[in-house]
Amino acid sequence: MTSLLASLRLTVATMAICVVGYSAAVWAFAQAVTPETANGSLITNAEGQVIGSSQIAQGFSQPGYFWPRPSAVDYNAAGAAGSNKSPTSEDLKTRGAEIVEAYGATAENPLPADLVAMSGAGLDPHISEAGALYQVARVAEARGLQPAILENLVRSHSEAPGGFLMSGKIVNVLELNLALDAL
Amino acid sequence: MSQSKPASMFDARIMGPALRGAFTKLHPRLLAKNPVMFVVAVVSALCTVLFVKDLVTGAEGLGFSFQIILWLWFTLLFANFAEAVAEGRGKAQAESLRKTRTETTAKLLDASGNWRSVPGESLKVGDVVLVEPGDIIPSDGEVIEGVASVNEAAITGESAPVIRESGGDRSAVTGGTQVLSDWIKVRISAAAGSTFIDRMISLVEGAERQKTPNEIALNVMLAGLTLIFVMATATIPAFAGYAGGSVPVIVLVALFVTLIPTTIGALVSAIGIAGMDRLVRFNVLAMSGRAVEAAGDVDTLLLDKTGTITLGNRQATEFRPVKGVAEAELADAAQLASLADETPEGRSIVVLAKEKYGIRARDMQSLGATFVPFTAQSRMSGVDFDGTTIRKGAVDAVLKSVAGGRVASEKLREIQGISDAIAKLGGTPLAVVRNGQLLGVIYLKDIVKGGIRERFAELRQMGIRTVMITGDNPMTAAAIAAEAGVDDFLAEATPEMKLDLIRREQAKGKLVAMCGDGTNDAPALAQADVGVAMNTGTVAAREAGNMVDLDSDPTKLIEIVGIGKQLLMTRGSLTTFSIANDVAKYFAIVPAMFVALYPGLDSLNIMGLATPQSAILSAIIFNALIIIALIPLSLKGVAYKAIGANALLRRNLLIYGLGGLVVPFIGIKLIDVIITTLGLA
Amino acid sequence: MTLQAILFVLIIIGGTALLSWPLGRYMAGVMDPKGGKGTMTGLFQAIVGPLGREEQGWKAYVFAILAFNIVIFTVVYLIQTFQGALPFNPDGMGAVNPDLMFNTAASFTTNTNLQHYSGEATYSYFTQLGGLMWLQFVTPAVGLAAPTAMARALSGRALGNFWVDLQRATFLVLLPLSLVFAALLVIGGLPMTFEGSVVATTLEGVQQTIARGPVAAFVTIKQLGTNGGGFFGPNSTHPLENVSFYTNMIQMVAIIIVPMACVWMFARIVGRIKHGFVIFAVMLCFVLIKTAGSVGFETAPTQAFNDLPIAQDVGNLEGKELRFGATGGPLWAVLTTATSNGSVGAMHDSLNPLAGMMPMVGMWLNESFGGVGVGMINMFLYIVVAVFVAGMMIGRTPEYLGWRIEAREVKLALFALLAHGAFILLGTAIFAATPWGAETLNNSGPHGFSEILYEFTSAAANNGSGFEGLGDNTVPWNITTGLVMIFSRFIPIILPLAIVGFMSQKRRATESSGTLSVEGGVFATMLAVTVIVVGALTFFPAATLGPIAEHVMYMN
């Protein structure tokens, strides 16, 4: 019984310090130092309306936008998940074939794998630079723009966050599409 | 039977009973003592029942099942055989002992001193019997009156008679030994059936064998591992069921039996028996298996100087007179004082005087001299004749005797100087005094045994500290200690100091071994973790120790430690070997078991075994045959080398760990080739 | 590509190994202050009350651990029950099924953090922080207390006082570390807000609800305490839970640093640094082998895409985030399972078969480096077995640091090791053979079997990661894994404490050149072999029917 009492005393003490104290400290630090990312890296339009988060993929299916990686949860940012399919799975083969068809990929012009493989959370905001360049022709045609301009746009939005520890560059799809709209 | 050669395991006298034993040991009550083999028996019986059922219903593939079941039973029989062989060797020894335990009649004394004949078995503890020349001493006991020469060849194998007398340190007699001359009265200390020889017989036969602590722990581990593999195999049907297939019970049993540590499980009791046996063959009786294991753990060895580190006898090598006394004069006096001294030291003085100064030994009788023997009080001996008294003895004792200790200080210094110089050389100084006049000092030299230094170096490598126990003064002790290479010494030792030293060592977390013989050694013997009592010693000493050395050779302590270590090493090495074998067995059986479910798994068949059936059969055959192959090793013990623990572990890990990993791969492949050629699978 | 991978692995693992050294020294200092009188000890004793001042024997220590765990389990169960009525619930999370509440309470009490739910869709901020994050602090603290007590006993002293040790671990180890790492992650861009989810209108005009929350605080202790329970369902693959390459690196360091430091802490308290090096080396060796395996096998492209016109030049991308790079996923998978953390940085279900086996191997062994505190304890069990066999091989009654290992110690150690295997194999067998498992699978064939095997492995290892395709929020899964987690947590804490309790009552032998050295390469080899043979081989048949069968049947 005294042990239970001691446990309860520790419960109160640890909750007060580790939950209340710690959370408050981290919260205050975050709101002071990085208010933008601390609240979810939200992007607002001119009217102040939230149009998304730069960290979160959103669905694009119109030919005039760059498309993100496929999502197992249809870009539901309140219930994220991956496909959890084995790489040897038949389902994956079916999906691959569908996406290949949607992009119209051929053996001569194969589709970069990241446009077919789903990410872990289904909300990966990035595609590979190759994946973006692959879509340039379609977007250019839909928007009636010079592919060269789009290629430049893609390249200017490409980044290699891992530097020399990472191979290849990646592009944030939402930011790219926003830039596209701003052209 | 001293240092008797072990009977070969292929000796017909052992093979016959052992083969019979292999079957009689199938009795469930006996099997239950060994968890691993008991489990093997259970699954073998289960498979046999299933097989009979299949036979009746006429199922297919019975040839394969039959062979597996056969080998399962062989596994069991081989294990029993191993134990039976080990016991058989002990029994052969016991047989020769038993011959000495003939029917005896005892001469029981009553209060009035009359004796009547009673059968030896009827004696009770506390009875007093008379033993006369030609009589067999009816039971163990202590001499309470008289002195006799006794032939103890029955237990020691030594034919020279020994003296047993009341009082002192040689009062214990053993039942079954024979009095050759004179008579003694013996108070019986062991009832019939529990005498020394009885104990010895049951020890070597393994009848009373109790599992030692380490053996129990090992059995616990083996049982635990067995349980782990019960789980690993019992869950397989469910796994296979998920994959849409099934695994025959016989295959599961084969996997299970090969995985559980049958090798060590089969050999563990043979190893224990053989370890005890090695000790007995060394003429050392351990009162318990625990003591043998403890011997392997010893950190500190207390060794008596005399007889162990140095040759028993010190020899006179020099006469060192004081100023104004000629060497020859001192030699002459010394020889006279020693004429009747029958100790080896005394004789060596006579010889030295003769050889060096040509002084011929004289006859005591013709001199009309009387010998004054050494006593513990005077600590001197000598002769008295014609009003001349000559004494020799320990320097301080002699000085004290001279004019009540009033010696001219310069003389004192001189004597002191000479004796110190001798002591520093490791010698023992004996002062000689004639008619109250100090003549000089005899230099008795201690001869350190050849090769002992190397032995101690070996022990040091094994982490064992040696402490020399001696009655010598510190200076002498230090010199001998340095010459012999012991780590430490206890000088001017009394039994109390010995006991104290043991306690101090133990407080430091060390296990201490010592040997002793006298009654006053009993407390120390009892306190020591390994106490080896000399067979010549007193009953008290024998009772206090946990081992008895029949040869009464204190040097053996070193070998006893080795035997204890070898016992554990053999267990550990074969355990490692047994467990390491599992890797190969997995690779033989698991692919074979599942290849029907997922054909691609054939790529795990890295040994390239012919068929799934031959793979499984080869594994189970290997598993059985390896037991037979390892019986000689488990009886002989793994090679024991006095190298450091780390080197020892590296060596055994390489041989038995790596070997255990590799050997079955080769063995199973070989068997697979053979049985495929023979068309067995 | 290969060079990059090697460099990346070395920076993360090697760098953390270096950092763990000073941390271990610090931890030893605060967990076991000289003379038992650290600066805060008086305060800690005051917080507990009279029980804080007694020297506990092993039984009292274990009893205190159990009492505390019963209380924290109950508290968190109650918080879940009443979360609808409690504050900090902007998204209006309501009642939860009792079986899920049991599973979650068991999961977080046991430092497992197996999640049969999605945090952003199930629990309020109050439950997440006040219940779950609170447990993420105190349960690794329980873990840290145990090897501290064990090390004290092995050094020949009394075990200490659980109540005080728990506070030392919470307030002096985990809290300061969390503040440092939380700051780094906040700077890296993790959210930290108490506002509810926000509804965005996307460029294509679709409504997208974006869940957010006090993520940074939660994630930090999730990683440092080898907890692993994510704020969001998909854990550290979620872009708001793990924003960038940089935060990914920090989180990987956070995953392994405390378990690594535990080895040094243990070695320092026992007073045997060289022995610590041996343990550390063996653990590191296993981690490196598994990493090589996982990263290596994961360079094979997604098998399902091989016949399609798809360019695969960076290996299998299914279930992986691009911002972490190709090596991030498989390396994380190894680290998180090596340490009983269980947070994921890529979907383990979608790893290539043999790459996905490496996390399972990690959890089967469960000691390299293992959970905070308990990894060292699990290793101790293997040490007992290794010392027992090795001790015999040098011809002495086996001793560990001078303490004799006899039947009782062997029995307890083997029982604990046996229990680990039993829970995994028996659980898998039952669920593989019944609809309980078969109907919840997300993949068929051997991969489906792997999903069941992984779930029980994760529960028994108190890991918490999963082959998340498994539909595990069912009554049978919730109850069974809940029980497995509880037993698997406390058996390996209680039994080792019992072992040292019994051992330390014996006469301690001094070590010499004749006793078994636990400090050299020979013993390290012995230990590694013991871990493999006793720990891993048991699972060989299961592995054969799961990942190995999938590999040989379907890859190429």
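The values are calculated or read from the model by the stated rules, or taken from the named source; none is laboratory data. On a predicted model such as this, the values are computed, not experimentally measured, just so you know. Cβ: placed from backbone, ideal geometry, glycine included. Neighbour counts: every protein chain shown.
Do you know which residues across region C:271-319 are within 21 Å of the chain's Cα centre (by Cα), among the β-branched types (Val, Ile, Thr) and surrounded by fewer than 21 Cβ atoms within 10 Å (Cβ to Cβ)?
C:Ile289, the sole residue that qualifies.
Quick check on my filter: what residues within region C:184-206 are in contact with a Ser or Thr (Cβ under 6 Å, 6 or more places away or on another chain) and either surrounded by fewer than 19 Cβ atoms within 10 Å (Cβ to Cβ) or assigned to a strand (DSSP E or B) (or both)?
Passing the criteria: C:Ser197, C:Val199.
Being without any contact (Cβ under 8 Å) to a residue 40 or more places away in the chain and closer than 28 Å to C:Lys290 by Cβ narrows it down to one residue among C:Leu3, C:Leu43, C:Leu23; which is it?
Only one candidate qualifies: C:Leu3.
Does region A:52-73 hold any residues that are touching a residue at least 24 places away in the same chain (Cβ under 8 Å) and either surrounded by fewer than 22 Cβ atoms within 10 Å (Cβ to Cβ) or among the hydrophobic types (A, V, I, L, M, F, W, C) (or both), and which are they?
A:Ser54, A:Ile56, A:Ala57, A:Phe60, A:Gln62, A:Pro63, A:Gly64, A:Phe66, A:Trp67, A:Ala72, A:Val73
I'd like to check which strands (runs of 3 or more DSSP E) are fully inside region B:502-595 and have at least 3 residues that are in contact with a helix residue (DSSP H, G or I) (Cβ under 8 Å, 6 or more places away or on another chain) and touching a residue at least 40 places away in the same chain (Cβ under 8 Å).
B:512-516, B:547-549
Could you go through region C:420-440 and let me know if any residue there is buried (at least 24 other Cβ atoms within 10 Å of the Cβ), away from chain B (no Cβ under 12 Å), over 21 Å from B:Phe229 (Cα atoms) and polar (S, T, N, Q).
no
If you check every pair at least six apart or on different chains, which have Cβ atoms under 6 Å apart with a residue in region A:109-125 that is more than 7 Å from chain C (Cβ to nearest Cβ) and more than 12 Å from C:Thr302 (Cβ to Cβ) first and a residue that is outside any helix (DSSP H, G or I) and of a type in the set (A, V, I, L, M) second?
Filtered contacts from region A:109-125: A:Gly122/A:Ala72; A:Gly122/A:Val73; A:Gly122/A:Ala80; A:Gly122/A:Ala81.
Does any residue in region C:374-402 that is within 21 Å of B:Arg571 (Cβ to Cβ) come within less than 8 Å, Cβ to Cβ, of a residue that is assigned to a helix (DSSP H, G or I) and aromatic (Phe, Trp, Tyr) six or more places away or on a different chain, and which pairs are these?
C:Ala386/C:Phe523; C:Ala390/C:Phe523; C:Met393/B:Tyr656; C:Pro398/C:Phe388
Read through the list (1) more than 29 Å from C:Thr110 (Cα to Cα); (2) without any contact (Cβ under 8 Å) to a residue 12 or more places away in the chain, then give the number of the only condition that C:Ala326 fails.
(2)
Go through (1) at the interface with another protein chain (Cβ under 7 Å from one of its Cβ atoms); (2) touching a Pro at 6+ places or on another chain (Cβ under 9 Å); (3) surrounded by fewer than 20 Cβ atoms within 10 Å (Cβ to Cβ) for A:Ile17 and report which single condition fails.
It is condition (2) that A:Ile17 fails.
Take C:Ala211 and tell me if it is modelled with pLDDT of 95 or more and surrounded by 24 or more Cβ atoms within 10 Å (Cβ to Cβ).
Here the answer is no, as C:Ala211 does not meet what is asked.
Looking only at region C:214-238, which residues are at the interface with another protein chain (Cβ under 9 Å from one of its Cβ atoms) and outside any helix (DSSP H, G or I)?
Within region C:214-238, C:Pro214, C:Phe232, C:Gly233, C:Pro234, C:His238 qualify.
Could you name every one of the helices (runs of 4 or more DSSP H) located completely within region C:1-72 that has at least 1 residues being closer than 18 Å to C:Pro140 by Cβ?
C:15-31, C:41-48
Taking interchain pairs and intrachain pairs at least six residues apart, which have beta carbon atoms under 6 angstrom, with the first residue in region C:201-213 and more than 7 Å from every other protein chain (Cβ to nearest Cβ) and the second outside any loop (DSSP other than H, G, I, E, B) and not hydroxyl-bearing (Ser, Thr, Tyr)?
Taking only residues 6 or more apart or on different chains, the pairs are C:Gln207/C:Val199.
Being closer than 21 Å to B:Leu425 by Cβ and in a helix (DSSP H, G or I) is the filter; apply it to region B:445-462 and report the residue that is nearest to the other protein chains (Cβ to nearest Cβ).
Top of the filtered list is B:Phe456.
Residue-wise test of (1) within 21 Å of C:Asp99 (Cβ to Cβ); (2) more than 11 Å from chain B (Cβ to nearest Cβ); (3) among the small types (Gly, Ala, Ser); (4) surrounded by 21 or more Cβ atoms within 10 Å (Cβ to Cβ).
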site	(1), (2), (3), (4)
C:Asn463	yes, yes, no, yes
C:Gly469	yes, yes, yes, yes
C:Thr480	yes, yes, no, yes
C:Ile493	no, yes, no, yes
C:Val500	no, yes, no, yes
C:Met526	no, no, no, yes
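Among the residues of region B:60-74, are any modelled with pLDDT under 85 and closer than 30 Å to B:Asp551 by Cα?
Scanning region B:60-74, I find no residue that is modelled with pLDDT under 85 and closer than 30 Å to B:Asp551 by Cα, so the answer is no.
I'd like to verify a number: residues in region C:342-358 that are touching a Lys or Arg at 6+ places or on another chain (Cβ under 8 Å) and not hydrophobic (A, V, I, L, M, F, W, C), how many?
Count: 3.
Can you spot a residue in region C:469-490 that is in contact with a strand residue (DSSP E or B) (Cβ under 9 Å, 6 or more places away or on another chain), touching a residue at least 60 places away in the same chain (Cβ under 8 Å), of a type in the set (Asp, Glu) and not in a helix (DSSP H, G or I)?
Within region C:469-490, none of the residues are in contact with a strand residue (DSSP E or B) (Cβ under 9 Å, 6 or more places away or on another chain), touching a residue at least 60 places away in the same chain (Cβ under 8 Å), of a type in the set (Asp, Glu) and not in a helix (DSSP H, G or I).
Go through (1) away from every other protein chain (no Cβ under 14 Å); (2) buried (at least 19 other Cβ atoms within 10 Å of the Cβ) and name the single condition B:Leu680 misses.
Only one criterion is unmet by B:Leu680, namely (2).
Before we move on, is B:Ala592 crowded, with 23+ Cβ neighbours inside 10 Å and within 18 Å of B:Thr677 (Cβ to Cβ)?
Spelling it out, it is not the case that B:Ala592 is crowded, with 23+ Cβ neighbours inside 10 Å and within 18 Å of B:Thr677 (Cβ to Cβ).
All but one of (1) more than 7 Å from chain C (Cβ to nearest Cβ); (2) outside any loop (DSSP other than H, G, I, E, B) hold for A:Glu47; which doesn't?
(2)
Condition test on B:Val402, is it in contact (Cβ under 8 Å) with a residue 12 or more places away in the chain, crowded, with 18+ Cβ neighbours inside 10 Å and touching a Phe, Trp or Tyr at 6+ places or on another chain (Cβ under 9 Å)?
For B:Val402, the condition - in contact (Cβ under 8 Å) with a residue 12 or more places away in the chain, crowded, with 18+ Cβ neighbours inside 10 Å and touching a Phe, Trp or Tyr at 6+ places or on another chain (Cβ under 9 Å) - is not met.
Here is a yes/no grid of residues against (1) surrounded by fewer than 24 Cβ atoms within 10 Å (Cβ to Cβ); (2) among the aliphatic types (A, V, I, L, M):
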site: C:Met133; (1), (2): no, yes
site: C:Leu144; (1), (2): no, yes
site: C:Met150; (1), (2): no, yes
site: C:Gly156; (1), (2): yes, no
site: C:Asn161; (1), (2): no, no
site: C:Asp165; (1), (2): no, no
site: C:Leu174; (1), (2): no, yes
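Could you run through region C:151-173 and say how many residues are assigned to a loop (DSSP other than H, G, I, E, B) and in contact (Cβ under 8 Å) with a residue 60 or more places away in the chain?
The qualifying residues number 6.
With respect to A:Ile99, is the statement that it is facing another protein chain (nearest Cβ under 8 Å) and among the aliphatic types (A, V, I, L, M) true?
In short, no.
Return yes or no: is C:Thr515 in contact (Cβ under 8 Å) with a residue 40 or more places away in the chain and in a loop (DSSP other than H, G, I, E, B)?
So C:Thr515 passes the test.
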